[in-house]
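Data first, discussion second: the structure below is written as structure tokens.
The values are calculated or read from the model by the stated rules, or taken from the named source; none is laboratory data. Computed from a predicted structure; not experimentally measured. Here the Cβ is made from the backbone with ideal geometry for all residues, glycine too, and neighbour counts use every protein chain on show.
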Amino acid sequence: MRMPFKLLIATAMSACLMSQSRGAEISFKELKVPAPFDAPASVSDGKPRGISGMACLGVAADPSRLCFVINDEERLGQFAELSSNTLTPLAQKITLIEDDENGHEVLGKQRIASCPKGESKGQFEEFDGEGVAYADDTIFVSSSHSCNGKGKYKASSYLLARFLAKSGEKLNDSAKVEKTWRLADALALSDIGEDFGKAKTVGTNIEGIAVAGGNVYAGLRTPVDEGVAYLIYASIEVLFAPGNAELPGGTSHTIKVALGRDSGIRDLAALDDKRLLILSGPTIDQASVPYSISLLDDLSSEGVHKVKPLLQLPAVAIGNTIGKAETLTVLSNGASGIDIVVLYDNIDDGKPTVFHLDPQ
């Protein structure tokens, strides 16, 4: 008899306790990655095969679960099988941007940002995937900033993609990928629209997404204003409406959250009751800003919301490399608490680590 996935996770973690500076103990377990993820662009550039986003199908009681994983240097995403002890890359992949991508089939209208050094001649480069979410048999993937590290505009910026992936069905690596430009509109029409197109270190940088209640929520690493970070959201219906019209006025909404000085959103994950978990961390590389998990239970656009701190992640280092937590995925959420997995975008294969949080 196979033990349920959730029970296996809890059993494996029970012996792994770590004391935090505040005196509380947390349980954690690092999952093994038996083979490398496919990251051709990262390898050719000498960069780590990090993980910048992941979402999983199925439910907590499943012995294993299918997940979709992205690396922000690539044009593709890859499926993986998550079990109690491993995250195993699979052969099946989804191409998010074709080699000859021209954007003609993307919904909406391309919104070109006025980056400090103009347009990148490469146009469509990597997808720059930063956020993955799963809802209603659909995987959603978002790309990030408009201006690259050299201050030039990238045509692949702020794309939002989706494709069908039903739990329990055979994988289809030729699934139709639908893309829209309108996530850029949502940013430009938001309360922080003046930051659209600014340099990478201060402009509107999406680092994670969540889907809940028919909306796509984008969490921003920057800007951060006096300790206030931002989530921008719009409905799936308007973001993927047929045709090439821009996002209508009044359909972009802004949520302000108090995360602290120089602390931006690194990823989001939706709970079953539509509350959001936030993975936060430094806006750039401020060593004094920790990576933390908190709970946001008010998704209104009124005022500045406080979050409930849940966990300060322990520091992770591989040699001289300090881990940057970029991926937050909820595995289970019930009376016994919340199980999450955190991955890192600058460590080979993400160093997936499972943590248990008290019931909320």
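A compact table of results
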item: Residues within region 75-118 that are among the hydrophobic types (A, V, I, L, M, F, W, C) and within 26 Å of SER44 (Cβ to Cβ), tallied; result: 10
item: Near pairs, Cβ below 6 angstrom, 6+ apart or cross-chain, from region 297-322 (on the phi < 0 side of the Ramachandran plot) to any residue that is of a type outside the set (S, T, N, Q) and assigned to a loop (DSSP other than H, G, I, E, B); result: ASP297/ARG275; HIS305/ASP298; GLN312/PRO290; LEU313/TYR291; VAL316/GLY323; ILE318/ILE347
item: Matching residues in region 23-58 - criterion: being assigned to a helix (DSSP H, G or I) and within 20 Å of the chain's Cα centre (by Cα); result: ALA41, SER42
item: Exclusive hit being surrounded by 20 or more Cβ atoms within 10 Å (Cβ to Cβ) and at pLDDT below 90, set ALA39, ALA80, ALA113; result: ALA113
item: Qualifying residue in region 99-109 (condition: in contact with a helix residue (DSSP H, G or I) (Cβ under 6 Å, 6 or more places away or on another chain) and surrounded by fewer than 21 Cβ atoms within 10 Å (Cβ to Cβ)); result: no
item: Of residues in region 116-144 being surrounded by fewer than 23 Cβ atoms within 10 Å (Cβ to Cβ) and among the polar types (S, T, N, Q), the one farthest from ALA184 (Cα to Cα); result: THR138
item: Every residue from region 132-148 that is part of a strand (DSSP E or B) and among the hydroxyl-bearing types (Ser, Thr, Tyr); result: TYR134, THR138, SER142, SER143
item: Subset of region 187-225 (residues that are among the aliphatic types (A, V, I, L, M) and touching a Lys or Arg at 6+ places or on another chain (Cβ under 7 Å)); result: ALA188, ALA212
item: In region 335-347, the residues that are of a type outside the set (A, V, I, L, M, F, W, C) and either under 16 Å from the mean Cα position of the chain (by Cα) or in a loop (DSSP other than H, G, I, E, B) (or both); result: SER336, TYR344, ASP345, ASN346
item: Residue match in region 147-168 (condition: among the charged types (D, E, K, R), at pLDDT 95 or above, under 26 Å from ASP272 (Cα atoms) and surrounded by fewer than 19 Cβ atoms within 10 Å (Cβ to Cβ)); result: no
item: Residue list for region 250-284, filter: in a loop (DSSP other than H, G, I, E, B) and modelled with pLDDT of 95 or more; result: GLY250, THR251, SER252, LEU259, GLY260, ARG261, ASP262, LEU271, ARG275, THR283
item: So SER142, is it hydroxyl-bearing (Ser, Thr, Tyr) and either touching a Pro at 6+ places or on another chain (Cβ under 8 Å) or more than 22 Å from GLY213 (Cβ to Cβ) (or both); result: no
item: The listed residue being over 30 Å from ASP136 (Cβ atoms) and either in a loop (DSSP other than H, G, I, E, B) or at pLDDT below 95 (or both), out of ALA61, ALA15; result: ALA15
item: Exclusive hit being more than 25 Å from ALA245 (Cα to Cα) and surrounded by fewer than 21 Cβ atoms within 10 Å (Cβ to Cβ), set ASN85, ASN71; result: ASN85
item: All positions within region 284-295 that are without any contact (Cβ under 8 Å) to a residue 60 or more places away in the chain and within 21 Å of the chain's Cα centre (by Cα); result: ASP285, GLN286, VAL289, PRO290, TYR291, SER292, SER294
item: Region 261-274 - residue that is of a type in the set (Lys, Arg) and surrounded by fewer than 18 Cβ atoms within 10 Å (Cβ to Cβ) and, of those, farthest from PRO359 (Cα to Cα); result: ARG261
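Residue by residue, here is whether (1) surrounded by fewer than 22 Cβ atoms within 10 Å (Cβ to Cβ); (2) out of contact with any His (no Cβ under 9 Å at 6 or more places or on another chain); (3) assigned to a strand (DSSP E or B) holds:
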| position | (1), (2), (3) |
| --- | --- |
| ILE293 | no, yes, yes |
| LEU299 | yes, no, no |
| PRO309 | yes, yes, yes |
| ALA315 | yes, yes, no |
| THR327 | no, yes, yes |
| ASN333 | yes, yes, yes |
| ASP349 | no, yes, no |
